[in-house]
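Taking it in order: structure first as structure tokens, then the write-up.
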Amino acid sequence: MADQVTDFESLQIGDPLGPEHRFVGKQHTKLFCAAAHMDAGRFTDDETARAQGLPAAILPGNMSLSLLTKLLTDWIGNSNARVVRLGTTYRSPVVTEHTITLQGFVTHTNSEERTAEIDLWIENEDAERLVIGTATVHFPARVK
Amino acid sequence: MVDYDPALIGRVFEETEPQAVSAEDIRKFCESVGDSNPLFLDEAAAAAGPYGGIVAPPSFAVSFRNGRHFFTFVPRFGSTGFDAGKDVEFIAPIRPGDEVCLASHVKEIYEKTGRSGPMVFVVIRSTLRNQKNEVVAHIDHRFMSKP
């Protein structure tokens, strides 16, 4: 698990999330499709994926989004902070049977709103950023 | 300039029946992404946490499926298209016992020109509400097609 944030006051711009390295195989996309009520098709079968012009079976976009959300909630840990927004852009397919790296860093903090802005991404073994995202995390006020 | 009926924008074309959420649904979702966070899985730990009980991970919101009308009503501007991204606003936690409905409308249609030529983006907004009619999330699905 990546380092965790303790509270808003300790945040620094540039604080990292991850990196987290993770192998993603078809057994993982199969589990995700079942849990998220999705048709498996191109996410679990190479031939079906190739018939749709893809290089091989790929991760669902929702799975990429969910893995990035997990990176955020792992980082939040016990700080009682909350993910309030996450935006993702799928730049290239995330192909199964590869190891991906999830990471991010704090880009901005707002002390009035007690929020942190975070850039996040998923990259492949060649350090290509396949999915990029931005998130907002809100930290509750300290109890006096 | 992309041609479409402006009356499409804002019109709700999809409303689903309530979908019940169980602790088992949340556990399966967590397992599928390797998440062992006790706030999502452990009743005792979650009771002492900020929500006073088990909640779903935020991205559980994307597991609620649109109904059979969804892709019928998404405007198409070419033969190829794909999921270009999502913007999710997490407003309230989803808990076991909740019943969640989803309503969708076309939020926006716009064009962009990239290195590979013109692209049309259709943004569908899905709003998730629980059994108390509280909004729990907004999900903007961004679909891209090449005319």
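Bear in mind these aren't lab numbers, they're just calculated from the coordinates by the rules spelled out. Everything numeric in this text was worked out from a predicted model, so none of it was measured. All Cβ positions, glycine included, derive from the backbone under ideal geometry; neighbour counts span all protein chains shown.
Points to keep in mind about this one:
- Length released on extending from A:Thr99 to A:Ala40, taking residue separation times 0.36 nm less the Cα-Cα span: 19.2 nm
- 5 angstrom amide H check on B:Ala84, placed H, neighbours 5+ away: B:Arg142, B:Phe143, B:Met144
- Label positions at B:Asp5 and A:Thr48, each projected 7 Å from the Cα along the C-beta direction, are separated by 3.3 nm.
- Placing a label point 7 Å from the Cα of A:Glu125 along the Cα-to-Cβ direction, the residues of the stretch A:6-48 whose backbone N falls under 15 Å of that point are A:21-26.
- Cα-Cα P(r), chain B, percent of pairs per 10 Å interval: 11, 35, 29, 17, 8, 1
- Pairs of Cα atoms in chain A fall into 5 Å distance bins, from 0 up to the last occupied one, in shares of 2, 10, 19, 20, 17, 12, 9, 6, 3, 1, 0, 0, 0 percent.
- The fraction of Cα-Cα pairs per 5 angstrom bin, counted from 0 for the protein assembly as shown, comes to 1, 5, 11, 15, 18, 17, 15, 10, 5, 2, 0, 0, 0 percent, rounded to whole percents.
- Backbone HN-Hα couplings from phi across the stretch B:82-94 [Karplus 6.51/-1.76/1.60, Hz, Gly and Pro as x]: 8, 6, 8, x, 9, 10, 10, 10, 9, 9, 9, x, 9
- Table column - 3J(HN,Hα) (Hz), the stretch B:41-52, Karplus curve with 6.51, -1.76, 1.60, x for Gly and Pro: 10, 10, 4, 5, 5, 5, 5, 8, x, x, 9, x
- Relative exposure of B:Ser104, A:Ser64, A:Ser10, judged by other C-beta atoms within 10 Å (fewest first): A:Ser10, B:Ser104, A:Ser64
- Across chain B, the mean sequence separation of Cα contacts (distance under 8 Å, 6 or more residues apart), normalised by length, yields a relative contact order of 29 percent.
- Residue-span extension gain [B:Ala48 to B:Tyr110] - 0.36 nm each, minus C-alpha spacing: 17.7 nm
- log10 of Debye I(q)/I(0), alpha-carbon scatterers only, for the stretch A:83-134 at 0.13, 0.15, 0.17, 0.28 Å⁻¹: -0.37, -0.47, -0.57, -1.08
- Ranking A:Thr107, A:Ile118, A:Val84 by Cα position along the charge dipole of the stretch A:54-143, where only Lys, Arg, Asp and Glu carry charges on their C-beta atoms, puts A:Val84 farthest toward the positive end.
- Under-5 Å amide H pairs with A:His98, H placed in peptide plane, nonlocal only: A:Val24
- The order of B:Lys112, B:Lys86, A:Lys30, going from fewest to most other C-beta atoms within 10 Å of their C-beta, is B:Lys112, A:Lys30, B:Lys86.
- Annotation: extensible slack from A:Thr107 through A:Lys26 equals 25.8 nm (criterion: 0.36 nm per residue apart, minus Cα-Cα distance).
- Nonlocal amide H pairs with B:Glu14, under 5 Å, H built at 1.01 Å: B:Ser104
- Rounded to the nearest 20 debye, the dipole magnitude of chain B is 520 debye, with +1 charges on Lys and Arg beta carbons, -1 on Asp and Glu beta carbons, and the Cα centre as origin.
- Going from the residue with the fewest nearby Cβ atoms within 10 Å to the one with the most, B:Ile9, B:Ile54 rank B:Ile9, B:Ile54.
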